[in-house]
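A.B. asks: Have a look at this one.
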Amino acid sequence: MALSPELQNRIESLLASDQIVLFMKGTKEQPQCGFSATVVEILNQLVPHYTTVNVLADLKLREGIKEFSSWPTIPQLYIRKEFIGGCDIVKELFSSGEIFDVLNLPKTEVKILVLTITPSAQEAFRNALKEASPDEHIRLKINADFKHDLSFSQKYKSDIEVSQNGITLLFDPISAQRANNLIIDFTTNKMGSGFEINNPNALPPVKEMSVKDLKQKLDNQEKFFLFDVRTQDEWDISRIPGATLMLNLPQHELDSIDKDALIVFQCRSGGRSMRKAEEFRQKGFRNVYNLTGGIRAYASEIDSSLPVS
């Protein structure tokens, strides 16, 4: 079915809106399929900003983008208006290292990795390799949330190799940045046997901050960021003094924030702000808080004059 001129123009306008545009199921914060989530995870590791388009919100757009690209599935990634591919192609580009060229990114420089593979883990790896084919290698992938995935895979030219006592592990360039001083063990207990990985590079979890602690920081004029993630309409009704409506912040200001800065996220009751806080933590921010109970708790415990619904 041919695209209507209106839909053609709309798609072209979306592609012109940003250097990187991903047509996906769901949103960047809440992908609605595993393939979309995979591409989002890869992009989040590589670039600070890109645009996503939720095709589930518009059936005409969902079918139209397939016609536009002559590609039958979602997600679809475009860079500088050029169609790159779907999930499998993006994964291949990432694994091979070609994604850096596609995105015009400098190649990642990785320092020499220092790993510890315990004797029991070495033995477990050797036993596993006996069942592997000659072209299969042990790969350790570490995602933005520092979840570790051991598997067999082929070797890519961009891989970082680390060998210890005859055991070689492969890392993609991004995982390698998260792997220094890793300890890999193999343990057996009443729950069973398996690899145990201790990673000192893992980012601390999002912490909760009470409204009383927030008020004390505000009164003491401590240096920190308080970001309100609500809508403009909610902000116009009431706001916590000292907060900044995140909706209106230019992207370059967010990108310039130091990764060690103290950041508190706040919404109506704590749900949306927790999701945004987790998003920032996965981008590498180490001192992230969610305001427990949001502005409703602040109005209840600190300032009853705030008109919060």
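The values are calculated or read from the model by the stated rules, or taken from the named source; none is laboratory data. Please read all numbers here as calculations on a predicted model, not as lab measurements. FYI the Cβ positions are ideal-geometry reconstructions off the backbone, even for glycines, and counts take in every protein chain you see.
A.B. asks: For the range 120-148, how many residues meet the condition of being of a type in the set (F, W, Y) and assigned to a helix (DSSP H, G or I)?
C.D. replies: Going through the range 120-148 one residue at a time, the tally reaches 1.
A.B. asks: Also, I was wondering about something else. Assuming L56 fulfils every condition listed in (1) closer than 30 Å to P5 by Cβ; (2) without any contact (Cβ under 8 Å) to a residue 12 or more places away in the chain apart from one, which condition is it?
C.D. replies: Just one mismatch for L56, condition (2).
A.B. asks: Same structure again: Can L247 be described as outside the structural domain of S175 (by TED's automatic domain parsing), modelled with pLDDT under 95 and more than 30 Å from R178 (Cβ to Cβ)? Can you show your working first?
C.D. replies: On the way: outside the structural domain of S175 (by TED's automatic domain parsing): yes; modelled with pLDDT under 95: yes; more than 30 Å from R178 (Cβ to Cβ): yes.
When the stated conditions are applied, L247 passes them.
A.B. asks: crowded, with 17+ Cβ neighbours inside 10 Å, within 22 Å of the chain's Cα centre (by Cα), closer than 27 Å to K141 by Cα and at pLDDT 95 or above: does that describe Q45? Quick ask: steps written out before the conclusion?
C.D. replies: Working: crowded, with 17+ Cβ neighbours inside 10 Å: yes; within 22 Å of the chain's Cα centre (by Cα): yes; closer than 27 Å to K141 by Cα: yes; at pLDDT 95 or above: no.
Criteria not met by Q45.
A.B. asks: Out of all the residues in the range 294-303, is one or more assigned to a helix (DSSP H, G or I), hydroxyl-bearing (S, T, Y) and over 13 Å from E208 (Cα atoms)?
C.D. replies: Looking through the range 294-303, at least one residue is assigned to a helix (DSSP H, G or I), hydroxyl-bearing (S, T, Y) and over 13 Å from E208 (Cα atoms).
A.B. asks: On to the next question. If the Cβ limit is 7 Å and pairs must be 6+ apart or interchain, which residue in the range 65-78 that is in the same structural domain as L43 (by TED's automatic domain parsing) pairs with which residue that is in a loop (DSSP other than H, G, I, E, B) and small (G, A, S)?
C.D. replies: W71/G86; T73/G86; P75/G86; Q76/G86
A.B. asks: Out of all the residues in the range 125-135, is one or more more than 30 Å from I11 (Cα to Cα), surrounded by 17 or more Cβ atoms within 10 Å (Cβ to Cβ) and in contact with a strand residue (DSSP E or B) (Cβ under 6 Å, 6 or more places away or on another chain)?
C.D. replies: Scanning the range 125-135 turns up at least one residue that is more than 30 Å from I11 (Cα to Cα), surrounded by 17 or more Cβ atoms within 10 Å (Cβ to Cβ) and in contact with a strand residue (DSSP E or B) (Cβ under 6 Å, 6 or more places away or on another chain).
A.B. asks: Right, another one. If R230 satisfies all but one of (1) over 17 Å from S95 (Cβ atoms); (2) buried (at least 16 other Cβ atoms within 10 Å of the Cβ); (3) out of contact with any Cys (no Cβ under 6 Å at 6 or more places or on another chain), what's the number of the condition it fails?
C.D. replies: Among (1) over 17 Å from S95 (Cβ atoms); (2) buried (at least 16 other Cβ atoms within 10 Å of the Cβ); (3) out of contact with any Cys (no Cβ under 6 Å at 6 or more places or on another chain), the lone unmet condition for R230 is (3).
A.B. asks: Being of a type outside the set (D, E, K, R), surrounded by 13 or more Cβ atoms within 10 Å (Cβ to Cβ) and within 29 Å of the chain's Cα centre (by Cα): is that true of N287 here?
C.D. replies: Yes: the conditions hold for N287.
Every residue, every condition in (1) surrounded by 21 or more Cβ atoms within 10 Å (Cβ to Cβ); (2) in contact with a Leu (Cβ under 8 Å, 6 or more places away or on another chain), yes or no:
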| site | (1), (2) |
| --- | --- |
| L3 | no, no |
| M24 | yes, no |
| E29 | no, no |
| C33 | no, no |
| V40 | yes, yes |
| W71 | no, no |
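A.B. asks: Oh, and also: Starting from residues that are modelled with pLDDT under 90 and among the β-branched types (V, I, T), keep the ones in the range 144-196 and report whichever is surrounded by the most Cβ atoms within 10 Å (Cβ to Cβ).
C.D. replies: Result: I174.
A.B. asks: List, please: which pairs have Cβ atoms under 6 Å, are six or more places apart or on different chains, and start with a residue in the range 126-137 that is under 16 Å from S163 (Cβ atoms) and end with one that is at pLDDT below 90 and part of a loop (DSSP other than H, G, I, E, B)?
C.D. replies: Qualifying pairs under 6 Å: H137/K155.
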